[in-house]
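So the structure is just underneath, and the comments pick up after that.
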Amino acid sequence: MNDDLIARRKRLLGPHVTTFYETPLHLARGEGAWLWDTDGRRYLDCYNNVAHVGHCHPRVVEAIARQAATLNTHTRYVHDTILEYGERLTGHFGHGLSSMVMVCSGSEANDVALRIAQAASGNTGIIGTDNTYHGNTAAVSQLNARKPPVGGYRDHVRQIPAPDNLHPIGGSRAAQEEAFYAATETAISELQASGHGAGALILCPYFANEGFPTLEAGFLDRAVAAVHRAGGLVIADEVQPGFGRIGSHFWGHERLGFAPDIVTLGKPMANGHPVAATVTRPELLETFQNAFRYFNTFGGNPVSAAAALATLKVIEDEGLQENARVTGRHALAGLRDLAARHMAIADVRGAGLFFGVELTEQDGTPATALAARVVNEMRERGVLIHTVGKFDNTLKFRPPCVFSRENADLALETLDAALSSAVATR
Ligand code: PMP
């Protein structure tokens, strides 16, 4: 690694701009589930959900190149690709979710969603979990649980405890649903008492940033009903679980079995091209458009629409949801075998190609340092993962959805070796 590059990066992009790993990676090329660094070393990518259909998928590359060579404009002209895409995308939704706003990032998609909820409900209160991240705009970053906003959280934001496998809210796994519902009701009452009212409950339906706890279908039903009773809307942030990643369903909200009023999409939507969207019911979109004169120069431009359309077609044509289901099940079984041999593995969980293990010390406290060691050991051994959760002690695997059974076996073997080595050398 060239130290000069790191120094230039810090100087130009700021001292705290993040890089993964003790020895940062300088990547040069990607293909499928593989990445190569500038020295030609190959890494198995078990982390990047953005390259959903595989790094540099030829059909997506070709669609971008062809459209970029033909026409790219802002979005105030009529263009058919955005319509073809919108019809195909909304075909994957039920619950009347048949309209969309195309934007350029998940943050923007959530910003739009919050404004739709405000416009439709007339309320400004927002409820999120106490261990979440939904993006970086001024409005959305009010929900950021890790770094409180300057001046503290605003009065219109309420954080409710996130469900968790090892430290369940309400004291037990069985009590979590009731505890989550009760916290939602309390937050609603507080927002009503302070004059904000319940505008929106915003959640990742897989609780991805919260550490993807194991939840039964129906978990959110009573919380969702409470928000609706109070006149608020429910926003499902599908930036991480969406587009078939969780295997059993195309969307996280389908897996939990609730009907969101708004769904936000991002990261994997165009395989790395900056495309995101807010999907909602037509009447809600109209209310939003009446309340705000919303325009997005780049959102859904012809190149973005072509990239998103090609990505969606590849997901469908290559059966990637089914691959996520089958390969994910195989990987989870392998993780369970590892758990039987490694004391540090306290929990194994996940769905489809979004799975991981939570590491603890013998006394049950989070093994945060060990998890960081394992992540770096695996990087040295050529497999890329990262951590998640309140204590960063859960190893997160969220590879491109072309991830194969052989890829999973290699990831498991490497985890086995990295964990043994990290435990032995700490
Ligand atoms: N929602 C969730 C659940 C996310 O994890 C993220 C990014 N990590 C975002 C929204 C924001 O997306 P973006 O970085 O594209 O703005």
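The values are calculated or read from the model by the stated rules, or taken from the named source; none is laboratory data. Bear in mind that the values here come from a model prediction, so they are computed numbers and not experimental data. Glycine also receives a Cβ, built like all others from the backbone with ideal geometry; neighbour counts cover every protein chain displayed. Accessible surface is based on the protein model in full, side chains and every heavy atom, while ligands, DNA and RNA are left aside. Shrake-Rupley method; radii C 1.70, N 1.55, O 1.52, S 1.80 Å.
Things to note:
- Note on segment 34-138: enclosed helices (runs of 4 or more DSSP H) holding 2 or more residues that are more than 21 Å from GLY299 (Cα to Cα) and open to solvent by less than 70 Å² (accessible area, probe 1.4 Å) are 106-121.
- Consider segment 235-259 and keep the residues that are open to solvent by less than 10 Å² (accessible area, probe 1.4 Å), touching a residue at least 60 places away in the same chain (Cβ under 8 Å) and more than 14 Å from the ligand (Cβ to nearest atom). The one that is nearest to SER304 (Cα to Cα) is GLY244.
- Condition check for THR287: touching a helix residue (DSSP H, G or I) at 6+ places or on another chain (Cβ under 6 Å) and open to solvent by 10 Å² or more (accessible area, probe 1.4 Å): yes
- Residue match in segment 164-185 (condition: within 16 Å of the ligand (Cβ to nearest atom) and touching a residue at least 12 places away in the same chain (Cβ under 8 Å)): no
- Once segment 260-284 is narrowed to residues that are open to solvent by 20 Å² or more (accessible area, probe 1.4 Å) and within 19 Å of LEU203 (Cβ to Cβ), the residue that is nearest to the chain's Cα centre (by Cα) is LYS267.
- The set of residues from segment 151-167 being touching a strand residue (DSSP E or B) at 6+ places or on another chain (Cβ under 8 Å) and among the small types (Gly, Ala, Ser) comprises just one member, ALA162.
Here is a yes/no grid of residues against (1) over 26 Å from GLY244 (Cα atoms); (2) touching a helix residue (DSSP H, G or I) at 6+ places or on another chain (Cβ under 6 Å):
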site: GLN159; (1), (2): yes, no
site: GLU177; (1), (2): no, no
site: TYR181; (1), (2): yes, yes
site: ALA200; (1), (2): no, yes
site: CYS204; (1), (2): no, no
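- Single residue of segment 192-212 satisfying the filter (touching a Ser or Thr at 6+ places or on another chain (Cβ under 6 Å) and either farther than 22 Å from LEU395 by Cβ or not assigned by TED's automatic domain parsing to the domain that holds THR132 (or both)) that is farthest from the ligand (Cβ to nearest atom): HIS196
- Scanning segment 139-161 for residues that are touching a Gly at 6+ places or on another chain (Cβ under 8 Å) and part of a loop (DSSP other than H, G, I, E, B) gives ALA145, HIS156.
- Among residues of segment 139-160 being touching a Ser or Thr at 6+ places or on another chain (Cβ under 7 Å) and open to solvent by 30 Å² or more (accessible area, probe 1.4 Å), the one that is farthest from the ligand (Cβ to nearest atom) is ASP155.
- Qualifying residues in segment 188-223 (those that are among the aliphatic types (A, V, I, L, M) and open to solvent by 10 Å² or more (accessible area, probe 1.4 Å)) - the one nearest to the chain's Cα centre (by Cα): LEU215
- Residues of segment 86-118 that turn out to be among the hydroxyl-bearing types (Ser, Thr, Tyr), within 13 Å of ILE262 (Cα to Cα) and within 13 Å of the ligand (Cβ to nearest atom), as a count: 0
- For segment 266-281, taking the residues that are within 19 Å of SER99 (Cβ to Cβ) and either part of a strand (DSSP E or B) or among the basic types (Lys, Arg) (or both), the one that is nearest to the ligand (Cβ to nearest atom) is identified as ALA276.
- The criterion of at least 3 residues that are more than 20 Å from PHE20 (Cβ to Cβ), modelled with pLDDT of 95 or more and assigned by TED's automatic domain parsing to the domain that holds ASP37 is met by the following strands (runs of 3 or more DSSP E) wholly inside segment 309-416: 345-351.
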